[in-house]
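One structure below.
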Amino acid sequence: MTMDAQRSFRLRTLTVYGLLLLFALAIAVKLFTIQLVEGERWTARAEHVATAYRTVQPDRGHIYSEDGRLLSTSVPEYEVRMDLMADGLTEELLRTELDPLCQALSDLFGDRTAAEYRRDLLAARARRDRYHLVKRKVDHEQLQTVKDMPLFRRGRYVSGLILEKRTVRVRPFGRLAARSVGYVLKDSSAIGIEGGFDTWLRGVTGRRLERRLTGGIWMPIDEDNGQDPVPGSDVHSTIDINLQDVADAALGSQLRKHGAHHGCVVVMEVSTGYVKAISNLTLQGDSTYVEDLNYAVGLPTEPGSTFKTASLMVALEDGVVKATDTVDTRGGKVRFHDRIMRDSHEGGYGRITVHRALELSSNTAVSQVVNKAYRSDPKRFVDGLRRLGLDRPLGVRIPGEGVPVMRDPGDKGWSGVSLPWMSIGYEVSLTPLQVLAFYNAIANDGRMMQPQFATRVTRAGREVQRFEPVTLKERICSPTTLAQVRSMLEGVVDTGTATNLKAAHFRIAGKTGTAQIARERSGYKSEGVSYQASFVGYFPADAPRYSCIVVVSSPSMSGYYGNVVAGPIFREIADKIHSNRLEMQTGLAGLAPPQARTPVTFGGHAGDLRTALAGLGVPVEQEGEGEWVVSQAADTSVVLRPRGMPGDAQHLVPNVGGMGLRDALYLLENRGLRVQVTGVGMVRRQSLMPGHRFTPGTTIVLELAT
């Protein structure tokens, strides 16, 4: 290599080394600048990236029954966690208080020994865990004990104690109306009353500053700039929990007796459309029945013979037939094109009146009447059904209402046999609630009411929304037609297909239904076909107060006819309602009055008690003045004595012992307390002692007992 070449090589080598040296020097300068000059700015930015304001869900409002008992409520549930690297958590403090803490945790929860708790906490400290889970699902009472444990009682910044609150939705009455009361799903959507009234129940979300830890876990940071969530309002439902219990028990017993797959019951107040009880039960693999689907609201099916009432109402209203007209049942078999219509009674019923045809539920008679009157213009018949409001949903507030199916001539699926088969409840689909609304209109002098599931919404005891009865149709037919139809429905029970439902002290009117359930692939022709039995009606027939529908699907034992399977459920419910409603008792005037005695009353508002007792004719003595009183039943009168009550501004817990739930809720919620209730009756015990100073938002648990 020549000298020039060597010099050139050395020059290039030195240039490369020089550039590398400059690059390394630049990195060192940048590191120095970041660490010492710009350190605070980058630390602040990193802190900002690792923290964020996150949403805090509010407590949902309560759902109450008609008489103020809790159907659904939010119960607080806590997670106990620990920051093992808290500033005040020194080694010396751990040596003196860790063992007593572990023993206290073991004694309270009983899930691990004290040694196991100690091992877990020391391991968490060794890995510098700032969000170690100590215990899930801690209730309010356990939480108070945790706060007073060794080490934890020193506070968060010394002990590292972190308490995470969550709310769990519970239904104190279990499966009673569970599907209609509803629940909130994991995606925050809701069903039943929970979903229909979610706007009021859900409240307003808050926010709080949280720090993201390793593994994507977020830990709350105490800061005053957050926004507290606003709890939801309370919904007062129309459900009568006593009647709900009766309906649920009657349905469950009959489903088991007949080995049915599922069934539903709805009881409605005639004049208002308020739903007083609704039960939906489905057979499970372990032979038990649970509330999992709302068949009454959401599942349209072919109603069968209960639809004959609507068919004859249309024909009577159009004037194409009279109740006194006669029709030949033709031995119980009538051919329409390529299909044969049969009566359930072998040999038919001979020649009978239209009135009697509905009482006996004759398929051949009703189908012939409708086919003869409308075969040249079937659309007129369908239009008549639409005038009754049977072609559209009721618009109930509960989500998921099924949509009725009612075809017009010319629509896909319409055939030469559609008219006669539609007249007896096939080729048309309605939900049980939609069928009930129609029969309720018959009982309500022709006025169709929208079924309602709530009467009002309250916040802190004050009404913020009221749901008045809603009329869907002022009149479904003329008074003349209505009177004829009501007479037919009374005849169904008196001398027709439901004579087994006759009651001793009151009359029932209604219609039986037995429908063959079509299978998705094989229609009605497969062997082992299943049936749907139903009964829908109202009582007392002469002055209707309640309407009710019972639907039992796929009974497999002891028959499948509506009067045998569904009728007894209706009868049991009607009997219980009649026997427990004083206003429905009409035959007691001649009985000797019971010996009067001074009643035992709840304590409460003095003015309300005086008004109620005066209305009952009970003498009242009041000793001293006071808005809130305790009561005592003396020999000849009820004695009211003042109850000391601290002022609102003092934040002292009032004494609500001996009060009814309504008054207790009014007092406690107006003072800013969150109330949880267990039991039934008057207040026997309260978790916060009277006179105890509290912070607004604190939860108090009331134990009720009869």
Check your understanding: Thr205 passes all but one of (1) of a type in the set (Ser, Thr, Tyr); (2) crowded, with 18+ Cβ neighbours inside 10 Å; (3) out of contact with any helix residue (DSSP H, G or I) (no Cβ under 9 Å at 6 or more places or on another chain); which number fails?
Key -> (2)
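A quick yes/no check of all residues on (1) over 24 Å from the mean Cα position of the chain (by Cα); (2) modelled with pLDDT of 75 or more; (3) under 23 Å from Ser631 (Cβ atoms); (4) surrounded by fewer than 18 Cβ atoms within 10 Å (Cβ to Cβ):
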| position | (1), (2), (3), (4) |
| --- | --- |
| Pro646 | yes, no, yes, yes |
| Met659 | yes, yes, yes, no |
| Asn670 | yes, yes, yes, yes |
| Arg693 | yes, yes, no, yes |
| Pro696 | yes, yes, no, yes |
| Glu703 | no, yes, yes, yes |
Study note, to complete from the structure: The condition of being more than 23 Å from Ser553 (Cα to Cα), hydrophobic (A, V, I, L, M, F, W, C) and buried (at least 17 other Cβ atoms within 10 Å of the Cβ) holds, among Leu390, Leu433, Leu419, only for Leu419
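Looking at the range 417-447, which of the residues that are within 21 Å of Gly304 (Cβ to Cβ) and assigned to a loop (DSSP other than H, G, I, E, B) is farthest from the chain's Cα centre (by Cα)? Break it down stepwise before answering.
Taking the range 417-447 first, the residues within 21 Å of Gly304 (Cβ to Cβ) are 417-443.
Of the ones still in play, those that are also assigned to a loop (DSSP other than H, G, I, E, B) are 417, 424-427, 431.
Working: Val417: 41, Ile424: 34, Gly425: 31, Tyr426: 32, Glu427: 32, Thr431: 19 Å.
That would be Val417.
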Point to revise | Residues of the range 121-141 classified as more than 19 Å from Glu91 (Cβ to Cβ) and exposed (fewer than 15 other Cβ atoms within 10 Å of the Cβ), total | key: 4
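Could you go through the range 325-338 and let me know if any residue there is within 45 Å of the chain's Cα centre (by Cα) and assigned by TED's automatic domain parsing to the domain that holds Val470.
The answer is no, given that none of the residues of the range 325-338 is within 45 Å of the chain's Cα centre (by Cα) and assigned by TED's automatic domain parsing to the domain that holds Val470.
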Check your understanding: If Tyr157 satisfies every condition in (1) among the aromatic types (Phe, Trp, Tyr); (2) within 26 Å of Glu91 (Cα to Cα); (3) surrounded by fewer than 18 Cβ atoms within 10 Å (Cβ to Cβ); (4) in contact with a strand residue (DSSP E or B) (Cβ under 7 Å, 6 or more places away or on another chain) but one, which is the exception?
Key -> (4)
Point to revise | Check on Ala365, within 42 Å of the chain's Cα centre (by Cα), hydrophobic (A, V, I, L, M, F, W, C) and within 13 Å of Ala315 (Cβ to Cβ) | key: no
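Here is a yes/no grid of residues against (1) under 16 Å from Asp542 (Cα atoms); (2) assigned to a helix (DSSP H, G or I); (3) β-branched (Val, Ile, Thr):
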{"position": "Arg475", "(1), (2), (3)": "no, no, no"}
{"position": "Ala483", "(1), (2), (3)": "yes, yes, no"}
{"position": "Leu489", "(1), (2), (3)": "yes, yes, no"}
{"position": "Val493", "(1), (2), (3)": "yes, yes, yes"}
{"position": "Arg507", "(1), (2), (3)": "yes, no, no"}
{"position": "Thr512", "(1), (2), (3)": "no, no, yes"}
Check your understanding: For the range 221-254, how many residues meet the condition of being at pLDDT below 90 and in contact with a Ser or Thr (Cβ under 8 Å, 6 or more places away or on another chain)?
Key -> 2
Point to revise | Meets criteria (without any contact (Cβ under 8 Å) to a residue 60 or more places away in the chain, under 29 Å from Ser423 (Cα atoms) and assigned by TED's automatic domain parsing to the domain that holds Phe467) for Gly252 | key: no
Check your understanding: Asp292 passes all but one of (1) at pLDDT 95 or above; (2) on the phi < 0 side of the Ramachandran plot; which number fails?
Key -> (1)
**Study point:** Residue list for the range 237-267, restricted to those being in a strand (DSSP E or B) and under 27 Å from Lys473 (Cβ atoms)
**Key:** Ser237, Cys264, Val265, Val266, Val267
Revision key, fill the gap. Flagged in the range 445-486 as in contact with a Gly (Cβ under 6 Å, 6 or more places away or on another chain) and among the acidic types (Asp, Glu), in numbering order, are none
Check your understanding: In the range 449-465, which residue that is in contact with a Ser or Thr (Cβ under 7 Å, 6 or more places away or on another chain) and surrounded by fewer than 20 Cβ atoms within 10 Å (Cβ to Cβ) is nearest to Asp663 (Cα to Cα)?
Key -> Arg459
Review point. Quick one: what pairs do we get from the range 678-706, first residue over 12 Å from Asn655 (Cβ atoms), second among the polar types (S, T, N, Q) and at pLDDT below 80, C-beta under 7 Å, 6+ apart or different chains?
Key: Val680/Thr706; Gly681/Thr706
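Yes or no, residue by residue, for (1) of a type in the set (Gly, Ala, Ser); (2) in contact with a Leu (Cβ under 6 Å, 6 or more places away or on another chain); (3) closer than 23 Å to Gly446 by Cα:
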site	(1), (2), (3)
Gly384	yes, no, yes
Pro393	no, no, yes
Pro409	no, no, no
Ser423	yes, no, yes
Check your understanding: Scanning for something of a type in the set (Gly, Ala, Ser) and modelled with pLDDT of 70 or more, does the range 37-53 turn up at least one residue?
Key -> yes
Check your understanding: Out of all the residues in the range 392-402, is one or more among the aliphatic types (A, V, I, L, M), part of a loop (DSSP other than H, G, I, E, B) and closer than 19 Å to Pro303 by Cα?
Key -> yes
Review point. Pick from the range 205-216 the residues that are over 33 Å from the mean Cα position of the chain (by Cα) and part of a loop (DSSP other than H, G, I, E, B): which of them is modelled with the lowest pLDDT?
Key: Gly215
Practice item. Would you check if there is a residue in the range 176-183 being in a loop (DSSP other than H, G, I, E, B) and either closer than 30 Å to Leu93 by Cα or not assigned by TED's automatic domain parsing to the domain that holds Leu71 (or both)? Key: no
**Study point:** Scan of the range 184-200 for residues that are part of a loop (DSSP other than H, G, I, E, B) and of a type in the set (A, V, I, L, M, F, W, C), ordered by number
**Key:** Leu185, Ile191, Phe197
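Would you confirm, using the coordinates I've provided, whether Ile398 is in the same structural domain as Gln434 (by TED's automatic domain parsing), under 30 Å from Ala178 (Cα atoms), surrounded by 14 or more Cβ atoms within 10 Å (Cβ to Cβ) and not polar (S, T, N, Q)?
Numbers: in the same structural domain as Gln434 (by TED's automatic domain parsing): yes; under 30 Å from Ala178 (Cα atoms): yes; surrounded by 14 or more Cβ atoms within 10 Å (Cβ to Cβ): yes; not polar (S, T, N, Q): yes.
So Ile398 passes the test.
The values are calculated or read from the model by the stated rules, or taken from the named source; none is laboratory data. Everything quoted here is computed from the prediction, not taken from an experiment. Here the Cβ is made from the backbone with ideal geometry for all residues, glycine too, and neighbour counts use every protein chain on show.
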